[in-house]
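Read-outs: derived from the displayed coordinates by stated rules, not from any lab. What you see is a predicted model; the values in this text were computed from it and never measured. Positions of Cβ are generated from backbone atoms using ideal geometry, with glycine treated the same way; all protein chains shown enter the neighbour counts.
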Amino acid sequence: MVRILCEGKTDKKFILGLLSHLGIEDKPGDFEIMGCKNNFFDIQKYKIIIQLVNSDQLKKLLFVLDADYESKDSRYGGYDNCYTEINKLITVLGLADISDVIIIRDYKTNTGYLESLIFSTLSEQQKECIKNFLDCSNFISKDNHKSIINQIYKMGYPNDPYNYEHPNFKELKDKLKKLYNL
């Protein structure tokens with residue numbers, strides 16, 4: 001049995017779509033929604049996972065976290081901090097041998113979250129269209145890409161699936177294939 005630990009429902013839904021694209025059939029229990037990034041760093045959240053590993057029921061783990069921004073969280077924010085801290089925790093938990101980590105981000109800036117990754121895979125024309133829409137819209141939090149970019153993309157391009165062949169999805173695809181032994 002494998003387990004993908006991700007922050008929220010949007011992450012799970014996106015990963016499920018990518019698994020389907022890869023021809024991978026997930027099974028019930030393959031996901032653990034942590035609720036928020038800080039929950040990843042709460043040792044108490046891993047009691048059941050450790051029990052499953054110790055009873056040989058859980059063989060592989062994939063930790064999927066957003067990089068977010070160091071300016072907003074000096075301990076866990078930004079790619080480097082997040083990667084370092086989650087790997088420290090995995091070692092403390094004794095799960096290093098069965099774990100892999102991916103920090104979701106915009107690969108140019110090494111910051112952001114799922115929506116930043118998705119936005120980074122759009123064509124320049126699509127990016128410009130979304131930026132122009134945001135500029136002339138009445139959205140209160142225009143700078144909060146996390147809450148609106150994915151929805152705008154879905155509304156603006158309902159017949160276009162995500163560009164899973166974009167190089168920015170390669171790391172995530174490779175880690176999912178490895179998790180499921182493909």
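Remark: the chain is approximated by an ellipsoid whose semi-axes, taken from the C-alpha gyration tensor as √(5λ), come to 30, 19, 13 Å, largest first.
In terms of distances greater than 27 angstrom between alpha carbons, the cross-link table entries LYS45/LYS154; LYS9/LYS59; LYS45/LYS108; LYS60/LYS170; LYS131/LYS178; LYS108/LYS178 yield LYS45/LYS154; LYS45/LYS108; LYS131/LYS178. The distance from the alpha carbon centre of the stretch 26-59 to that of the stretch 110-130 is 30 Å, rounded to a whole number. In the chain, excluding the sites themselves, the longest stretch lacking any of the GluC sites (Glu not before Pro) that are in a DSSP loop with at most 15 other Cβ atoms within 10 Å is 26-164. About the centre of its Cα atoms, the stretch 39-110 shows a dipole size close to 160 debye [charges on the beta carbon of Lys, Arg (+1) and Asp, Glu (-1) only; nearest 20 debye]. With a cut-off of 11 Å between beta carbons, the residues surrounding CYS6 carry a summed charge of 0, where Lys and Arg count +1 and Asp and Glu -1. Helix 79-93 and the longest principal axis of the C-alpha atoms of the chain enclose an angle of approximately 20°.
Considering only trypsin sites (Lys or Arg not before Pro) in DSSP loops that have at most 15 other Cβ atoms within 10 Å, the longest stretch of the chain without any of them is 1-58.
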